[in-house]
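Reviewing the structure listed below.
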Amino acid sequence: MKPSEIAFGLIRIPADFLMTLLAFILAYRIRSISGFIPGLNLPFDVGSFPPLDEYIRFSVIAALFLVLLSALRRMYSLKSTFRISKEFKQIAASASIWLMGIIAYFFLIRTFPFSRLALIYTWVLAIVFITGGRLLLHFIQYLTYQAGIGKKPILFVGHSAITQRLAREFSKDISYKITGFIDAHAGEHEKTLHYLGTLENLAEIVQKHKIEEIIQTKSDLSHQQSADLLAFCREHHLSFSFVPDLMEIQQANIETETWSDIPVIKLKPTPLDGWGRVLKRIFDFVGALLGLIILSPILLITAIAIKLDSKGTIFFKFLDDGTRVKRVGERGKLFNFYKFRTMHPNTHNLRYTELAAKNTRDGSPLVKIKDDPRVTRVGRILRKTSIDELPQLINVLKGQMSLVGPRPHLPEEVAKYQKHHKFVLEIKPGITGLAQTSGRSDLNFEEEVRLDTYYIEHWSLWLDIVILFKTIGVLFKGYQE
């Protein structure tokens, strides 16, 4: 899911809240006008209304409850549909339930509302304003799509009547850009859907047209071709959907959509999409901020110890050639990496030259030097207790890493990854992770990838919490040893 799509989905929450608050304020103003409704001349008694600050306070609480009710009714899906008629029905239904809830509240406390007519005005205005706010957001999002911002280029694999029908349905959704299809040959419908090549040309087609989603409608692919296609999508972090009954794949994270009368199943690589991504980011930000505050004395003492023990910078920031230390992040993006220095300066590249024979992970992309002579006295303590990893909380705050996730690897390590290894780059790397708490550096690389893949496919906030607590136990055990 694109960041722009998430942003437009999230902004509906404060927009609904503000529109409801505006409805309360305008309802108060309308109620103060005697004879506003022709034939219904109800005098306005200022004394019957609470003070303005108390009225605003009630309005804020009531507006928050309407937003909460809307969330419980799943009105804040981050996927845009542009079906305003359906949204209007949902808004009207939620506002009606909300109004009945307010009336029931006043009934239970045996106190009449300050003005039942003002509540009716608020109910009507809330429906109108919230719908208007949604229309405005849809219009702004429509303009961004028209400008080519946020559109998702899709590619069909296969060409049939179903492909044509799906293409017509997707073309009605402005958030998609249909680039064409690939097949063994162009077929009789070449003029209505652009033929781009064959499955053998998939890599260059994806790169040339910047494809972000692949939809398989071809039913005669071999099992190996289907498996290779899924592996390709995982390697290049592409969304993958298929028409049911095309292949037998067991997957925990699936999402079914109906386009016209055709069911399309999307394989989601991780639950960390949409709201999962938002919740994890909030959890990471709060956790990293609290961690930096609570651990600040340890960070300060560590910095002093490093300076007293050996020459060089406090943080491991530069490689031997003076370039900035980088790690590979989400979907292969490089980022500046923060870590306490545990080695003597200008010794990083020795792992590939003089010390290569001591590599205990020979045969894998990773390098681990046994009895590493480059490590300082303080560095050995920092590595044993993993205190050297704590500055990565800064990376978490900046949104480059998560508290929990796959290990952040070096660019030269990732360059040696096989295709199935690259799936671990689907999400942000973490300070700790399932692999780190299941054997730390003693695991072989394939086992580490398997555990990281499991984490990505089965993520939950509770799993993050369990791994964080397990990390504390692992570190305490390591310190005792």
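The values are calculated or read from the model by the stated rules, or taken from the named source; none is laboratory data. These numbers come from a predicted model, not from an experiment. Neighbour counts are summed over all protein chains in view; Cβ atoms, including those assigned to glycine, are modelled from backbone coordinates with ideal geometry.
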Helices (runs of 4 or more DSSP H) within the stretch 369-440 that include 3 or more residues surrounded by fewer than 21 Cβ atoms within 10 Å (Cβ to Cβ) | 377-385, 411-414
Do we find that V264 is closer than 30 Å to Q164 by Cβ and either surrounded by fewer than 16 Cβ atoms within 10 Å (Cβ to Cβ) or touching a residue at least 60 places away in the same chain (Cβ under 8 Å) (or both) in this structure?
-> yes
Residue list for the stretch 319-335, filter: under 15 Å from P411 (Cβ atoms), free of Cβ contacts under 8 Å to residues at least 40 places away in the same chain and of a type outside the set (K, R) = L319, D320, D321, T323, V325
With criteria (1) at pLDDT 80 or above; (2) among the charged types (D, E, K, R); (3) surrounded by fewer than 15 Cβ atoms within 10 Å (Cβ to Cβ), E188 comes up short on (1)
Only residues that are among the aromatic types (F, W, Y) and in contact (Cβ under 8 Å) with a residue 40 or more places away in the chain: list them for the stretch 444-464, please.
-> F445, Y455, W459
Selection count, the stretch 255-280, where residues are in a helix (DSSP H, G or I) and out of contact with any strand residue (DSSP E or B) (no Cβ under 7 Å at 6 or more places or on another chain) | 5
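Would you point out which residue out of T353, T313, T347, T342 is among the polar types (S, T, N, Q) and either under 27 Å from D228 (Cα atoms) or under 34 Å from the mean Cα position of the chain (by Cα) (or both)?
Just a single option satisfies the conditions, and that option is T342.
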Is the stretch 155-175 home to any residue that is without any contact (Cβ under 8 Å) to a residue 40 or more places away in the chain, outside any strand (DSSP E or B), crowded, with 16+ Cβ neighbours inside 10 Å and among the hydroxyl-bearing types (S, T, Y)?
-> no
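Listed here are the residues, each with its yes/no results for (1) modelled with pLDDT of 90 or more; (2) touching a Phe, Trp or Tyr at 6+ places or on another chain (Cβ under 8 Å).
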{"residue": "D372", "(1), (2)": "no, no"}
{"residue": "I394", "(1), (2)": "yes, yes"}
{"residue": "H409", "(1), (2)": "no, no"}
{"residue": "L425", "(1), (2)": "yes, no"}
{"residue": "P429", "(1), (2)": "yes, no"}
{"residue": "G439", "(1), (2)": "no, no"}
{"residue": "D442", "(1), (2)": "no, no"}
{"residue": "Y455", "(1), (2)": "yes, no"}
Filtering the stretch 326-368 down to residues that are buried (at least 17 other Cβ atoms within 10 Å of the Cβ), in a strand (DSSP E or B) and in contact with a Leu (Cβ under 8 Å, 6 or more places away or on another chain) yields R327, V328, F340
